[in-house]
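Heads up, the thing below is written out as structure tokens.
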Amino acid sequence: MNMENMKKELGPASVFPIGEVNPFGAFFDGVSYLQMLTTSGVSIGNVVFEPGCRNHWHRHINGGQILLCTGGRGYYQEWGKPARELHPGEVVQIGDEKHWHGAAPGSWFSHIAVEVPGQEAKTEWLEPVDAETYNKLK
């Protein structure tokens, strides 16, 4: 990881701890980092994506997630809809729809992930994002 480039691209978002390599890395293409900020009550984590890193398609069953975009440039896409470019200050509210999110091909990206609690809430990990489709994003 090039810390200097990462801090330059993420700007003020780099005030949060970057954390270790994401333990959920099996569900990502590329390298991401996870630092849990709290797990008391509502789980909140800082997720940092290296350029080109994105998670696989997934769903938040019986719960949800709120993404608070903090640095760099990324994408969010719901199944059957076009990818939406993300920038610092944007908020994405996610229910149980199939989706993915991650960095733009040439940019670091970070967001705070707030888990929306629910009874028997769980994440269902699905297939990887099609690389050819992803690589068409700018």
Explain nothing, just the number: relative contact order of the stretch 63-132, from Cα pairs under 8 Å at least 6 residues apart, as a whole percent. 42
Qualifying lysines (Cα of each under 24 Å from Cα of residue 7; at least 8 residues distant if same chain): 138
Going from the fewest other Cβ atoms within 10 Å to the most, one would list 123, 38 as 38, 123
Around residue 68, with a cut-off of 14 angstrom between Cβ atoms, what is the net charge of the other residues, counting Lys and Arg +1 and Asp and Glu -1? -2
Going by amide H atoms built from the backbone, whose H comes under 5 Å of the H on residue 37, apart from near neighbours? 44, 45, 46
In whole percent, the Cα-Cα distances of the chain spread across 10 Å bins from 0 upward as 13, 47, 34, 6, 0
Give me the log10 of I(q) over I(0) for the stretch 12-61 at q = 0.16, 0.28, 0.31 Å⁻¹, as the Debye formula computes it from C-alpha points; what are the numbers? -0.49, -1.13, -1.18
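Bear in mind that the values in this text are calculations on the coordinates, not laboratory data. The structure displayed is predicted, hence computed values, not measured ones. Note that each Cβ is placed from the backbone with ideal geometry, even for glycine, and that neighbours are counted across all protein chains shown.
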